[in-house]
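A short worksheet on the structure shown next.
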Amino acid sequence: MINIETTNICNLSCSFCPHFKMKRGQGVMSLKDFKRTINLFNSDIVGLTNFGEPFMDKNIFDKINYVKKSYTYLTTNGTFLTKNIVSQILKSNLSELRVSVYSDDVKEKVENLLRIKTDALKVSVCATEYSSYWDRLGVLRYREPHNWAGKISLYKGKYKLCYRLYDSFTILWDGRISLCCMDTEGDYIIDDISMSLNKIQVNQKRIRQNPPEICTHCVLPLTDRIKWTLRIKWFMELFT
């Protein structure tokens, strides 16, 4: 699985997201670098998500439609779900649209999308609080709140085994490959997309043998109960 940050530019400053604290440079991944990333990893799952609003990237649909064989999902704050954008979404190769609901302002836009979408597109509403409304519509994707590895609230503990160091890569907009999706500032870089996949995997393995300090501040693995259940067999095979 790979997460591609097509851009780290966002039009909102949500209290539950550390984007408003971000100090690293902002930009948009070039189409050339995006294609290189897709070809390099050849992943079966491609997430167009990280720190930014993907629909602020004017080439986002060129990127979505370049991904032919993978399950592709995109996370948005929903503010750009205009009739034109929705029309392009429905014509694209996108497998799933995840809407991170920050307020009721996008409620009508999501409802409109749900009314006209086809079965080819899965729509999920991501929320850190339970919503009976979205649950009744069958689109609620509840996510326990976490601290973004200490960026929102400080936590100090021991390293907890985390699948992100084993089966996922996070590629920042400038082509650097980050430790994981919690590395807001890109302080923990594995490599970049100019390298071979083998070298990238070797560097990832080296890092997970001695996880960095950011991992001790992160509570995300504690909220991964469902994902751990799905991966337990894989981990047992890995360590036996």
Within region 5-18, how many residues are out of contact with any strand residue (DSSP E or B) (no Cβ under 8 Å at 6 or more places or on another chain) and either open to solvent by less than 20 Å² (accessible area, probe 1.4 Å) or at pLDDT 90 or above (or both)? 3
In region 163-189, residue modelled with the lowest pLDDT [restricted to those that are open to solvent by less than 50 Å² (accessible area, probe 1.4 Å) and farther than 14 Å from Met1 by Cα]: Met182
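Each row is one residue, and each column tells you yes or no for (1) open to solvent by 20 Å² or more (accessible area, probe 1.4 Å); (2) assigned to a helix (DSSP H, G or I); (3) free of Cβ contacts under 8 Å to residues at least 12 places away in the same chain.
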site: Lys35; (1), (2), (3): yes, yes, no
site: Ile64; (1), (2), (3): no, yes, no
site: Thr75; (1), (2), (3): yes, no, no
site: Gln88; (1), (2), (3): yes, yes, no
site: Arg98; (1), (2), (3): yes, no, no
site: Lys109; (1), (2), (3): yes, yes, no
site: Asn112; (1), (2), (3): yes, yes, no
site: Asp119; (1), (2), (3): yes, no, yes
site: Cys126; (1), (2), (3): yes, no, no
Check region 19-32 and report whether any residue there is without any contact (Cβ under 8 Å) to a residue 12 or more places away in the chain, open to solvent by 60 Å² or more (accessible area, probe 1.4 Å) and either assigned to a helix (DSSP H, G or I) or in contact with a strand residue (DSSP E or B) (Cβ under 7 Å, 6 or more places away or on another chain) (or both). yes
Quick one: would you say Asp135 is in contact with a Phe, Trp or Tyr (Cβ under 9 Å, 6 or more places away or on another chain) and without any contact (Cβ under 8 Å) to a residue 12 or more places away in the chain? yes
Could you please give the count of residues in region 190-207 that are farther than 15 Å from Asn39 by Cβ and open to solvent by less than 60 Å² (accessible area, probe 1.4 Å)? 5
Give me the pairs, please: first residue somewhere in region 190-210 and farther than 16 Å from Thr170 by Cβ, second residue anywhere and of a type outside the set (Phe, Trp, Tyr), beta-carbon distance under 8 Å, and either six or more positions apart or on two chains. Ser194/Gly175; Lys199/Asp191
In this structure, does Lys69 turn out to be over 18 Å from Cys181 (Cα atoms), part of a helix (DSSP H, G or I) and either in contact with an Asp or Glu (Cβ under 7 Å, 6 or more places away or on another chain) or not polar (S, T, N, Q) (or both)? no
Region 134-162, subset at pLDDT 80 or above and part of a helix (DSSP H, G or I), residue most open to solvent (accessible area, probe 1.4 Å): Arg136
Lys58 passes all but one of the listed conditions (1) assigned to a loop (DSSP other than H, G, I, E, B); (2) at pLDDT below 95; the exception is number (2)
Per the list (1) over 17 Å from Asn11 (Cβ atoms); (2) open to solvent by 60 Å² or more (accessible area, probe 1.4 Å), residue check on Thr82 breaks on (1)
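The values are calculated or read from the model by the stated rules, or taken from the named source; none is laboratory data. Keep in mind the model is a prediction, meaning the values are calculated, not measured. Cβ: placed from backbone, ideal geometry, glycine included. Neighbour counts: every protein chain shown. These accessible areas exclude ligands, DNA and RNA; they are computed on the full protein's heavy atoms, side chains included. Shrake-Rupley method; radii C 1.70, N 1.55, O 1.52, S 1.80 Å.
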